[in-house]
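Q: A single structure is presented below for examination.
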Amino acid sequence: KAAVTNAPRPNAEFMLGVIGRFDWFDTIVIGDECQRAKPDPMPYQIAMERLGLLPHECMVVEDSPSGAQAGVDSGAWTVGILTSQPPAVLSKVGCKLLIRDYTDPRFLQVLKGETAQVA
């Protein structure tokens with residue numbers, strides 16, 4: 001698992017620590033530490049390389065248009081989480097599934113490798 005963010009490293013590490021997920025991730029990729037940050041797919045490509053995964057083996061969950069665009073352009077299956085954007089904005093950049101939160105049954109189906117109604 002990778003955390004890929006455009007937040008500065010101290011902010012990202014602090015927030016992951018606060019929610020008890022700092023050690024949950026195998027790697028953290030910071031946009032400013034990459035040659036190109038989101039919306040370029042490079043941060044996701046770096047995460048995939050570090051994890052030894054191909055794009056079709058990855059899922060990206062994003063709440064911003066620039067992050068979602070980066071996920072889509074990286075070739076990963078991209079989920080838009082509707083915390084701060086209207087559905088049309090994340091659909092337009094190519095998200096395959098839109099969810100309101102992580103308890104959405106369709107999201108849980110996809111995580112289990114099951115077919116979900118994504119439209």
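The values are calculated or read from the model by the stated rules, or taken from the named source; none is laboratory data. On a predicted model such as this, the values are computed, not experimentally measured, just so you know. Because the Cβ atoms are built from the backbone with ideal geometry, glycine has one as well, and the counts that use them run over all protein chains shown. The protein model used for the area step is the full one, side chains on, heavy atoms only, and it has no ligands, DNA or RNA in it. Shrake-Rupley method; radii C 1.70, N 1.55, O 1.52, S 1.80 Å.
Q: Working only within segment 78-94, note down all residues that are surrounded by 18 or more Cβ atoms within 10 Å (Cβ to Cβ) and within 19 Å of Ala3 (Cβ to Cβ). Break it down stepwise before answering.
A: As a first pass, look at segment 78-94 and keep what is surrounded by 18 or more Cβ atoms within 10 Å (Cβ to Cβ): 78-81, 85, 90, 93.
Selection gives Thr78, Val79, Gly80, Ile81.
Q: Evaluate the following for Ser66: is it of a type in the set (Ser, Thr, Tyr) and either touching a Lys or Arg at 6+ places or on another chain (Cβ under 8 Å) or touching a residue at least 40 places away in the same chain (Cβ under 8 Å) (or both)? Don't jump to the end; show me each part of the working.
A: On the way: of a type in the set (Ser, Thr, Tyr): yes; either touching a Lys or Arg at 6+ places or on another chain (Cβ under 8 Å) or touching a residue at least 40 places away in the same chain (Cβ under 8 Å) (or both): yes.
Yes.
Q: Hey, another quick one. Regarding Leu108, is this residue modelled with pLDDT under 95 and either open to solvent by 30 Å² or more (accessible area, probe 1.4 Å) or part of a helix (DSSP H, G or I) (or both)? Outline the logic, then answer.
A: Details: modelled with pLDDT under 95: yes; either open to solvent by 30 Å² or more (accessible area, probe 1.4 Å) or part of a helix (DSSP H, G or I) (or both): yes.
Yes: the conditions hold for Leu108.
Condition check ((1) in contact with a strand residue (DSSP E or B) (Cβ under 9 Å, 6 or more places away or on another chain); (2) in a helix (DSSP H, G or I); (3) hydroxyl-bearing (Ser, Thr, Tyr); (4) touching a residue at least 40 places away in the same chain (Cβ under 8 Å)) across all residues:
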| residue | (1), (2), (3), (4) |
| --- | --- |
| Gly20 | no, no, no, no |
| Arg36 | no, no, no, no |
| Tyr44 | yes, yes, yes, yes |
| Asp73 | no, yes, no, no |
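Q: Checking Met48 against (1) more than 12 Å from the chain's Cα centre (by Cα); (2) assigned to a helix (DSSP H, G or I), only one condition comes out false. Which one?
A: Met48 satisfies all of (1) more than 12 Å from the chain's Cα centre (by Cα); (2) assigned to a helix (DSSP H, G or I) except (1).
Q: If you don't mind, another one. Which of the following residues is surrounded by 20 or more Cβ atoms within 10 Å (Cβ to Cβ), out of contact with any His (no Cβ under 7 Å at 6 or more places or on another chain) and at pLDDT below 95: Gly71, Gly31, Gly67?
A: Values: Gly71 fails: at pLDDT below 95; Gly67 fails: at pLDDT below 95.
Being surrounded by 20 or more Cβ atoms within 10 Å (Cβ to Cβ), out of contact with any His (no Cβ under 7 Å at 6 or more places or on another chain) and at pLDDT below 95 holds for just one of Gly71, Gly31, Gly67, which is Gly31.
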